[in-house]
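Here the structure comes first, spelled out in structure tokens, and everything after it is commentary.
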Amino acid sequence: MRMADGKQGLLRKQGLGTEELQEIEQLAAQCEQYEQLEMKLNWNVLRERPAGEINDFLYYEQGRLVGYLALFCFNSQEAEISGMVHPEYRQRGIFRTLFQAATQEVRRRGVPQILCIVEHKSQAGQAYIQTLDTRFHHAEYKMVLQEPRLPGKSIEGLTFRQAQPEDGMLLAHITAVAFDMPRSEVTWYSQGNGNVNLRRPSYLAQLRDVYIGKLDVSLGEQEAYIIGFGVLPEFQHRGYGRQLLAYAIQETLKRNPGRIVLEVMTENQGALSLYQSCGFQVVTSYDYYSYPVSR
């Protein structure tokens, strides 16, 4: 393994370079192999980290990356973290150092809580979380499309299209209503560019003259992530969501991704059944623990 000369201890990073991404990938592969895991690191997000904002915390020993923690802030109320330490360097306080640095950054931003993501079957992760003042928040399944099973019949009046630059406000509106969020919290769409770049297409469902749902796809080098899948409440449980999901799967398969994945809360049996009916299977699960930082 190539060593990064001159690096020692904790580094707070504003954006990640190609070499650092490669180091993180190597570390992740070693940790996953050791415990047979599939850690949640949001690779598509890591490759597009904004400069000028600290979101990544790396720990080196004699030039070797042995610890890493990723910070994700999607809104003003909570941040998410996920991280790892090389098996040979555990029990040395490295992850605690990473965690404390991330907590300081979250507190500086005025975000009141952290959601710590721990793969359910990670013994090391579950053991560490018990040392913190956390409470269980929720759990999610990660699902992978194995064999697409798409509906054969269409619904009269229901059509689909990829979002265009002028659809930013429409996408934000559907997201806010479908997920019962304040409109002010949906900041990742903007009028004039929407969410329509080649790496992150969005799809809209229209029933006659009313837009009733949307779905986003985050395209990475090895997998495509289905996210932001929402249907307006008055149009749910009518088969429209399944048709939209099928359309997005077909469009995504044209891009030849390594695999198509998504996540769903374990308690959401309706959504779980929907995804299974379309050919998705559970591959792992993640536990989320809430940690208060506004003290």
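Any read-out appearing in this document is the output of simple, stated calculations on the displayed coordinates, not a laboratory observation. None of the values given here were measured: they were computed from a predicted structure. Neighbour counts run over all protein chains shown; Cβ positions are idealised from the backbone, glycine included.
For the stretch 148-278, with the dipole built from +1 on Lys and Arg beta-carbon atoms and -1 on Asp and Glu ones, taken about the Cα centre, which of G213, I227, V261 lies farthest toward the positive end?
V261
Evaluate the distance, in nm, between pseudo-label points positioned 7 Å from the Cα of F136 and of R199 along their respective Cα→Cβ axes.
3.6
Compute the orientation-averaged projected area for the chain from the convex hull of its Cα atoms and round it to one decimal in nm².
The directionally averaged projection comes out at 16.0 nm².
Report, by chain and number, residues whose modeled amide H sits under 5 Å from the one on E223, excluding near sequence neighbours (fewer than 5 apart, same chain).
G258, R259
Using a cut-off of 14 Å between beta-carbons, work out the net charge of the residues near Q281 (Lys and Arg +1, Asp and Glu -1, Q281 not included).
0
Taking just the alpha-carbon atoms of the stretch 148-278, what radius of gyration and Dmax come out, in angstrom?
Rg, Dmax (Cα atoms, Å): 14.0, 39.
Run lengths n ≥ 4 of DSSP H only: what is the helix-derived mean residue ellipticity at 222 nm for the chain, with -39500 (n - 2.57) per run over all residues, to the nearest 500?
Details: 7 runs with 79 residues, N = 295.
Using -39500 (n - 2.57) per qualifying helix, the result is -8000 deg cm²/dmol.
Taking θ = phi - 60°, what integer Hz values does the Karplus form 6.51 cos²θ - 1.76 cosθ + 1.60 yield along the stretch 241-248, in sequence order, with x for Gly and Pro?
x, 5, 5, 5, 4, 4, 4, 5
Find, among the GluC sites (Glu not before Pro) in the stretch 153-249, those assigned to loop by DSSP (not H, G, I, E, B) with at most 13 other beta-carbon atoms within 10 angstrom.
Loop-located and lightly packed - E156, E221.
What does the charge add up to near G52, with Lys and Arg as +1, Asp and Glu as -1, over the other residues with Cβ less than 15 Å from its Cβ? All intermediate terms of the calculation are to be shown ahead of the outcome.
Numbers: positive: R12, K13, R49, R108, R109; negative: E48, E53, D56, E105.
Neighbourhood net charge equals +1.
Can you pull out the trypsin sites (Lys or Arg not before Pro) in the stretch 1-100 that DSSP calls coil and that have at most 11 other Cβ atoms within 10 Å?
Sites meeting the loop and neighbour criteria: R2.
Using the count of nearby Cβ atoms within 10 Å as a rough guide to exposure, how do S122, S273, S202, S290 rank from fewest to most?
Fewest-to-most ranking of S122, S273, S202, S290: S273, S290, S122, S202.
Please give the peptides 82-89, 236-243 ranked by average Cβ packing (other Cβ atoms within 10 Å per residue), highest first, as a rough proxy for protection.
Per-residue Cβ counts within 10 Å, averaged per peptide and sorted highest first, yield 82-89, 236-243.
What ³J(HN,Hα) values, in whole Hz, does the Karplus curve 6.51 cos²θ - 1.76 cosθ + 1.60 give for the stretch 275-283 when θ = phi - 60°, with x put for Gly and Pro?
Calculated HN-Hα couplings, in order: 5, 5, 5, 9, x, 7, 10, 6, 10 Hz.
Which listed residue (P151, M181, L170) has the Cα farthest towards the positive end of the charge dipole for the stretch 146-185, taking +1 on Lys and Arg C-beta and -1 on Asp and Glu C-beta about the Cα centre?
It is P151.
Summing Lys, Arg as +1 and Asp, Glu as -1, what charge do residues with Cβ under 12 Å from the Cβ of E38 carry, E38 excluded? Let's see the in-between values first.
Values: positive: K40, K121, K142, R259; negative: E32, E35, E119, E223, E263.
Surrounding charge for E38 is -1.
Enumerate the amide H contacts of E61 below 5 Å, restricted to partners 5 or more residues apart or on another chain; note that Pro and chain-start residues carry no placed amide H.
Here the answer is G9, V66, since their amide H atoms fall under 5 Å of that of E61.
Starting from 0.36 nm per residue, how many nanometres of slack lie between N268 and R238 once their C-alpha separation is accounted for?
On the way: separation 30, 0.36 × 30 = 10.80 nm, distance 1.70 nm.
Working it through step by step, the gained length comes to 9.1 nm.
For R149, enumerate residues with amide H under 5 Å from its amide H, sequence gap 5+ or separate chain, H modeled in the peptide plane.
G279
If you put +1 on each Lys and Arg Cβ and -1 on each Asp and Glu Cβ, how big is the dipole of the chain around its Cα centre, in Debye rounded to 20?
Details: 31 positive and 34 negative charges, 25 e Å.
For this selection, approximately 120 debye.
Label the stretch 204-295 by shape, choosing from rounded, prolate and oblate, from the square roots a ≥ b ≥ c of the eigenvalues of the Cα gyration tensor; if a/c is under 1.5 it is rounded, and otherwise prolate applies when a/b is larger than b/c, oblate when it is not.
oblate
Which of D216, D209 has the fewest other C-beta atoms within 10 Å, and how do the rest follow up to the most?
Lowest count first: D209, D216.
How far, in nm, would the chain grow between R107 and T159 when pulled straight, counting 0.36 nm per residue and subtracting the alpha carbon separation?
In short, 14.2 nm is gained.
Filter the cross-link list K121/K214; K7/K121; K13/K254; K153/K214; K13/K214; K142/K214 down to pairs whose alpha-carbon distance in this structure exceeds 27 Å.
In this structure, K121/K214; K7/K121; K13/K254; K13/K214 lie more than 27 Å apart at Cα.
Got a sec to turn the phi values of the stretch 144-149 into Karplus ³J(HN,Hα) couplings, 6.51 cos²θ - 1.76 cosθ + 1.60 with θ = phi - 60°, whole Hz, x for Gly and Pro?
10, 6, 9, 9, x, 10
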